[in-house]
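S.K.: Mind having a look at this structure? Questions to follow.
The values are calculated or read from the model by the stated rules, or taken from the named source; none is laboratory data. The structure displayed is predicted, hence computed values, not measured ones. Heads up, the Cβs are rebuilt from the backbone with ideal geometry, glycines too, and the neighbour counts pull from every protein chain shown.
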Amino acid sequence: EAIKCMRHSRRTTLTADDVDAALNLKNVEPIYGFASGGPLRFKRAVGHKDLFYIDDKDVDLKDVIEASLPKAPLDTALTCHWLAIEGVQPAIPENAPVDG
């Protein structure tokens, strides 16, 4: 079924979304926690015919610790107003005038 979903989307690469769509068609709960923006490149393990792995980039922990932090976001703010009171829209700056 996942292959059918892939072909219906006119793609040649099977994605995790195709598998989730196929599971949904079969009324099975989807797989949670994994999504991929593109195809994963698997490598064959040396000395093993049927063993594959994804070659992840090694990251030095020292570089991660010493990296500068991103700028803190601006303070968050929340404002609210009544859009309409008893069916009447008040003429205040927050409400755009209604042309009618």
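S.K.: Quick test for you: out of 17, 75, 63, 56, pick the one residue that is under 30 Å from residue 94 (Cα atoms) and either under 19 Å from the mean Cα position of the chain (by Cα) or of a type in the set (D, E, K, R) (or both).
M.R.: 75
S.K.: Let me ask something else. Taking residue 70, is it surrounded by fewer than 10 Cβ atoms within 10 Å (Cβ to Cβ) and of a type outside the set (Ser, Thr, Tyr)?
M.R.: Yes.
S.K.: Just name the residue that is modelled with the lowest pLDDT out of those in segment 25-70 that are within 29 Å of residue 1 (Cβ to Cβ) and acidic (Asp, Glu).
M.R.: This residue is 29.
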